[in-house]
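Note sheet for the following structure.
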Amino acid sequence: MRKPVMAGNWKMNKTRDEALQFIYAINQEVPPFEEVETVICASDVLLRDLVKRQGEDLKIGAQNMHFKEKGAFTGETSPRLLETTGVSYVLIGHSERREMFNETDESVNQKLLAAFEYDLTPILCVGESLQVREEGKTDLYVEAQIKKAFSNVSKEEALTVIVAYEPIWAIGTGKTATPMQAEETIAAIRTVLTSLYGKEIADQIRILYGGSVTPANVKELLQQKNIDGALVGGASLEASSFLSLVNAAKNK
Ligand code: PGA
């Protein structure tokens, strides 16, 4: 019932040449958009070039944005500016932004609200640190992140959000959450969304897993009932490995 999503997060990697080479290699290979939403989130300086060359079944996203429309915010990109690039997705609240660039639950909420105004599909990232997991507080922690992110978000808007559960200890470490751990927390996220919006809405919101996803472990993760796709860093950098992830999502 929920359409799978496979999103690559290139982070601060790939030059323009490398990015275009990748796009040309996958454009004709990605499954129809009606079957899988395939998204590449790239650096702002590449967005316009990528959007111009994206195949009809591929979408391009940004990795962050400011929540204000314009103003004196040196070095920042507004949703309005993103809109002019033609991107249709934006990552919001990635843990690297939260940890290294002081993003808070409040700014994440403001960014989410701004995304709706500009018709950008937000991929909202949440996830706990190793310490939180070891203290047994994962569900409580992630539940609080979700509640704060969704504050003042209407039912109609909530339906457009893609949530990505990314345990911080699993990102870029090669240490994937087990399919059961991922499913448990993602089911807990769906329960919070049910408490906020009711079952009918919560059952339609896509929730992805992210954190050291590879072609070798993706199938088992996608077999879980509540996992609707993945947000992938490292394994999205090679066209062949990204395509195998996308095809796994197609066969979910
Ligand atoms: P990774 O990154 O797949 O390299 O662990 C995931 C992410 O940060 O979105």
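The accessible area of residue 52, taken with all protein chains in place and a 1.4 Å probe, comes to roughly 130 Å². In the chain the Cα-Cα distances spread across 5 Å bins starting at 0 as 1, 7, 15, 19, 21, 18, 12, 6, 1, 0 percent of all pairs. Taking the Cα of residue 195, stepping 7 Å toward and past its beta carbon, and measuring to each backbone N in the stretch 133-150: which are under 17 Å? Answer for the stretch 133-150: 137-150. Cross-link pairs exceeding 26 Å between alpha carbons, from the set 199/225; 59/252; 52/148; 111/155; 68/199; 52/155: 52/148; 68/199; 52/155. In µm²/s, what is D for the stretch 2-74 at 4 °C and 1.567 mPa s, where D = kT/(6 pi eta Rh) by Stokes-Einstein and Rh is the Kirkwood radius from Cα pairs? D, rounded to a whole number, is 98 µm²/s.
Output the peptides 95-106, 234-245, 39-50 sorted from most to least packed, where packing is the average of other Cβ atoms within 10 Å over each peptide's residues. Numbers along the way, then the final one.
On the way: 95-106: 14.7, 234-245: 18.2, 39-50: 20.8.
In decreasing order of mean packing, 95-106, 234-245, 39-50 become 39-50, 234-245, 95-106.
Using C-alpha pairs under 8 Å with a sequence gap of at least 6, the mean separation divided by the residue count of the stretch 5-250 gives a relative contact order of 20 percent. Solvent exposure of the stretch 5-250, expressed per residue, is 45 Å² of accessible area, with all protein chains present and a 1.4 angstrom probe.
The amide H of residue 8, built 1.01 Å from its N in the peptide plane, has 39, 40, 41, 232 as neighbours under 5 Å, considering only residues 5 or more places off or on other chains. Near the amide H of residue 206, within less than 5 Å, lie the amide hydrogens of 163, all on another chain or at least 5 residues away, with H placed in the peptide plane.
Atom-type composition of the exposed protein surface of the chain places 49 percent of the accessible area on carbon and sulfur (1.4 angstrom probe). When you count the other C-beta atoms within 10 angstrom of each residue and take the mean per peptide, 215-227, 82-94 line up highest first as 82-94, 215-227.
The values are calculated or read from the model by the stated rules, or taken from the named source; none is laboratory data. Computed from a predicted structure; not experimentally measured. Positions of Cβ are generated from backbone atoms using ideal geometry, with glycine treated the same way; all protein chains shown enter the neighbour counts. Heavy atoms of the whole protein, side chains included, go into the accessibility calculation; ligands, DNA and RNA do not. Shrake-Rupley method; radii C 1.70, N 1.55, O 1.52, S 1.80 Å.
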